[in-house]
Every structure is written in structure tokens, then in C-alpha cells.
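Colleague: Attaching a single structure in C-alpha cells format; questions to follow.
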Amino acid sequence: MEMKKIHFDNMKNWIWITILILSLILILTGGLELFEFENPKLNKGLSASGFFLQVIYYSKMFWHKNYVQWNKKGAVIRVNSWSGKSLSFDQIKKTELTEKKLIITKDNGKIVTFDLNEIAESDTQKLNEIIIKNTIANKELR
């Protein structure tokens, strides 16, 4: 059986940040009609282009079956499911990786479990390390 990979995205990719900023500029330029064009539909086209870029940016999560996006505050984890689960690193009390299950206990006692049965061992370890490293860093900032 072939093990599945997780696509990791730590949100520091300058191409995606540039696309997001460009989309906002297009939306504002087209929506506020900052420039007067001979063809009035051009402003609507600029605005529509900006919204299209935003759709592309925010749909990244659905391009991959298994996807993890994180920054220093938290993570969105989607493994073997259609929807992802959001976690704030400062709310995580403990993390356990046992029998291909990642069990995360939050400060409020709520338990979030991810079944990593079909996921490659290297990606399982990387996901666990990301959560542990960022949880410790957030606990130290308090």
C-alpha cells in the first residue's frame, strides 16, 4: 500500500503573499474606480480579477487531499477529510502520537484526534514536530 503525503504550507511563500496583495489592489482599484477608463467595464474587470485571485488563494487547501497550513499562531490541518480543523498553538495542552493517531488535548479539555494511518511516517513526524515546536514557542511567550 502506498503511503499518502501531506502538503505542508507555512504561509511564508512570497509568491502567494504577492498574489494576495495584488488581488487587494485590483479589488480596491476597480471597486473605487480610481482610474477613469474609456471603457467603464474595465473597472469591473479589475475588481473581478482581484476576487478571482482571492478565490485561488483561499482554495489552496482543497487542492490536496492532506494539507497542513500554519504560522506562529496556529494551524489548519486537513487529513483524510473534506474539512480542516483549526488549532491555536497557545490553546494546546499536550500532544501524543500513538499508533498512527495524533491526539491533541486543548487547555479546555477538548480532544482533537487525527487518523494518520495512511500517511507516510516522515510526514506524520513532521506534523507532530510542527505542533510541538510551535506550542512550546507560544507557551514561552506567555
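Colleague: I'd like the full set of residues that are charged (D, E, K, R) and open to solvent by 70 Å² or more (accessible area, probe 1.4 Å), limited to region 97-117. Let's see the steps before the verdict.
Modeller: First, pick out the residues of region 97-117 that are charged (D, E, K, R): 99-101, 106-107, 110, 115.
The answer is Glu99, Lys101, Asp107, Lys110, Asp115.
Colleague: So which pairs qualify, if the first residue must be in region 17-44 and more than 30 Å from Gln69 (Cα to Cα), the second must be among the acidic types (Asp, Glu) and assigned to a loop (DSSP other than H, G, I, E, B), the Cβ gap must be under 8 Å, and the two must be at least 6 apart or on different chains?
Modeller: From residues that are more than 30 Å from Gln69 (Cα to Cα), the pairs are Asn43/Glu33.
Colleague: If you don't mind, there's one more thing I want to ask. When you look at Lys126, is it out of contact with any Phe, Trp or Tyr (no Cβ under 8 Å at 6 or more places or on another chain), open to solvent by 30 Å² or more (accessible area, probe 1.4 Å) and either without any contact (Cβ under 8 Å) to a residue 12 or more places away in the chain or of a type outside the set (Asp, Glu) (or both), yes or no? Show your work before the answer.
Modeller: On the way: out of contact with any Phe, Trp or Tyr (no Cβ under 8 Å at 6 or more places or on another chain): no; open to solvent by 30 Å² or more (accessible area, probe 1.4 Å): yes; either without any contact (Cβ under 8 Å) to a residue 12 or more places away in the chain or of a type outside the set (Asp, Glu) (or both): yes.
So Lys126 does not fit the description; no.
The values are calculated or read from the model by the stated rules, or taken from the named source; none is laboratory data. Remember, it's a predicted structure, so these values are computed and weren't measured experimentally. We place every Cβ from the backbone using ideal geometry, glycine too, and count neighbours over all the protein chains shown. Please note that ligands, DNA and RNA were not included when accessible areas were found on the heavy atoms of the full protein model with its side chains. Shrake-Rupley method; radii C 1.70, N 1.55, O 1.52, S 1.80 Å.
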